[in-house]
1. What order do you get for 180-190, 70-80 when each peptide is scored by the mean count of other beta carbon atoms within 10 Å, highest first?
2. Can you return the aspartates and glutamates within cross-link range of LYS209? Criterion is Cα-Cα under 18 Å, with same-chain partners fewer than 8 residues away left out.
3. Counting pairwise Cα distances across the chain, what percent come out greater than 35 angstrom?
4. Tell me what the chain gives for mean residue ellipticity at 222 nm when only DSSP H runs of n ≥ 4 count, each as -39,500 (n - 2.57), the sum divided by the residue total, rounded to 500 deg cm²/dmol.
Amino acid sequence: MGDYHWTTSLSSTTENGIIIRGYNLIELIGVVPFPSVLYLLFTGELPEPEIARLIDALMVASIDHGAGAPSVLAARTTASGGAPLGAAAAAGLLTLNKFHGAAVEDSMEAIQKVYDLAGGQKDELDHAADKLVAEWRQVGRRIAGFGHRQHKKLDPRLERLFELARNAGVSGLYLESAQAIVRALKRSTGKEFPINIDGATAAILCEIKFPPSLSNALFMVARLTGILAHANEEINRMTPMRRIDPVDHGYDGPSDRKLPETN
């Protein structure tokens, strides 16, 4: 390996090529989809085809959530002030935090805790979830991944994600643990706190043993795409220094379109 000041296990570049986790980047190009190479960089291994499709689905589900999201408003405001695309996108990225878009890791912690308290036993999940909710409420800690300010009853993205998870053989006690937290929150508060996109992502990532420390990053990579698109539109379509209303805005893009049929 040589005598170096420091080393990395991620990648290596030479005059003749680029290596990503041991794979020749040239051989990956055009063969392995971007989400699978992301998974490779984050975990060290290429995913199985079913898991690759699931990672892709999670990223598509998180790619954009409208012009009123705090990260988009931050990016548009920065762009409206004259900042270039990269700076505007960075402002949006910095807005992602525990209440908006960066709650997956905390949600994974809660779901893992319920799983551990239940000892991996399905019939103990409700008791474990009740204990978690009581303990976290006592110390004033919010349970991330549950409840949504807009999708108050059901996030429309979730059934499709859970369907894909089932098809991939990813449907176990971590997903059951997340549902147990929903029930425990209802018993504790009397209110409905359905699983949101962060909680669904967290449960699925727990099932596939994805590194919790990089779970928020998966969301950030996906959402940065939407942030960049909004920042670009602000720069190229809107007037500078405008007052950006966070609620009073509409959509004037293409009307409902059907996906082209595939064989």
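Rule-based calculations on the coordinates, nothing more; no lab input. Note that the structure is a prediction, hence the values are computed from the model and not measured. Note that we place each Cβ from the backbone using ideal geometry, even for glycine, and neighbour counts take in every protein chain shown.
1. Most protected by this proxy first, the peptides run 70-80, 180-190.
2. In chain and number order, the partners are GLU45, GLU48, GLU50, ASP56, GLU105, ASP106, GLU109, ASP116, GLU176, ASP198.
3. Here the long-distance tail beyond 35 Å is 26 percent of all Cα pairs in the chain.
4. -16500 deg cm²/dmol
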